[in-house]
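I have placed the structure first, in the form of structure tokens, so that the comments after it can refer back to it.
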Amino acid sequence: MKIYFLSSEPCALTVGEAYLGLVDKFERFAEINLKDNLFVRFTPEKANPLGFFLNESVQFTPPDGCEVYLLDGALAIYARDFPPRATALNVLAQKRFDCGTLTLFYQGALQLSIETAKGFFVSTLPPAFEKAELFFESGLFFLKTPERLAAYTQTGKQVLLENVLSCSFENGVLSARLPLSDSLGRVADCKWELDEDGLRRTQCTLLQARTYNGDNHAQTLRDELLPFAFFESVLLGADVSPFLSEELLPQAEKLKDFLGHFVAVTLTPSPNVCGLVYEKSERLFEVIPFTVTLEQGKIADVRR
């Protein structure tokens, strides 16, 4: 079976006795028989290595710290979370409010402790929040950097974790513009009503940051992107009618039901085929290819 190896950090990759080189988010692959039960090790520079035996169980139970993606006749293993080397406590920031205290600290990973009358809670955060501003707004605790925003309830529940281009608060409403990692360069203008139990999104408008029209090159680029952009639009909950042919347009809602609940879209060597990523269980995903038929720059058919 073909096995793809990826990593969130640059790593030295060994499989059995063989050194396969460096691996990061650009995959390496090898033909491996899972019955050989070879030992795999991802060794990063600034963390402890991840190691596990590669056998048939990996298709059902991902190794600790890894995500597994089931492909058509292949597997992809993504080493995501590495055990840290340093475990000493290092307090980065602390702020006291009338309703509780926030402490941002490193102990192996970046963590936030929340101490309120309702208890003591600890949550792990991405390293990007290392220099975050801590504040309290409309019943919720917030951490903000120029590019990230997180929110927690007074019971320690994380209710928001987003990349942001800008944000503001007014009369118990959070307004934020979110960058979307999609092929058409869209952004989302969103609003949430805030209270101590969490956030309720009341508005989400997609804005087109980049358009394709005019010259022939732009039109060719649009045709190549169209299947991928269509699946991304379904994922984002955007209007898909501009992508569909007149015959398929009345079936737009049925088409969304046919595709089901997927969590990501991947490219393939063919622009008319995209892989939709479905979550089977914690850290285990299945990638299913869908083929799009184009007629005169519109989608006329989608099949699995």
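The values are calculated or read from the model by the stated rules, or taken from the named source; none is laboratory data. Note that this is a predicted model, so its numbers are computed, not measured. A quick note on method: Cβ atoms are made from the backbone with ideal geometry, for glycine too, and the neighbour counts reach across all protein chains shown. Accessible surface areas use protein heavy atoms only, side chains included; no ligands, DNA or RNA. Shrake-Rupley method; radii C 1.70, N 1.55, O 1.52, S 1.80 Å.
Please work out if F142 is open to solvent by less than 20 Å² (accessible area, probe 1.4 Å) and at pLDDT 95 or above. Yes; evaluated as a whole, the condition is true for this residue. Taking (1) at pLDDT 95 or above; (2) open to solvent by 60 Å² or more (accessible area, probe 1.4 Å); (3) of a type in the set (K, R) in turn, R177 satisfies each apart from (1).
Quickly run through the range 10-57 and pick out the residues that are within 17 Å of Y78 (Cβ to Cβ), assigned to a loop (DSSP other than H, G, I, E, B) and either open to solvent by 60 Å² or more (accessible area, probe 1.4 Å) or not hydrophobic (A, V, I, L, M, F, W, C) (or both). Selection gives P10, D24, K25, F26, E27, P49.
Annotation: T116 fulfils all but one of (1) modelled with pLDDT of 95 or more; (2) open to solvent by 30 Å² or more (accessible area, probe 1.4 Å); (3) of a type in the set (S, T, Y); the unmet one is (2).
Being within 17 Å of the chain's Cα centre (by Cα), within 15 Å of V234 (Cβ to Cβ) and of a type in the set (A, V, I, L, M) is the filter; apply it to the range 267-304 and report the residue that is surrounded by the fewest Cβ atoms within 10 Å (Cβ to Cβ). Once the filter is applied, the top-ranked residue is V277. Which residues, taken from the range 145-163, are open to solvent by less than 10 Å² (accessible area, probe 1.4 Å) and either among the charged types (D, E, K, R) or assigned to a strand (DSSP E or B) (or both)? Answer for the range 145-163, where residues must be open to solvent by less than 10 Å² (accessible area, probe 1.4 Å) and either among the charged types (D, E, K, R) or assigned to a strand (DSSP E or B) (or both): L149, A150, A151, Y152.
Here's a check for you: in the range 76-88, which residue that is open to solvent by less than 80 Å² (accessible area, probe 1.4 Å) and at pLDDT below 95 is farthest from L267 (Cα to Cα)? The residue in question is A88.
Only one of the numbered conditions (1) assigned to a helix (DSSP H, G or I); (2) open to solvent by less than 50 Å² (accessible area, probe 1.4 Å); (3) within 19 Å of A188 (Cβ to Cβ) is violated by A238, and that is (1).
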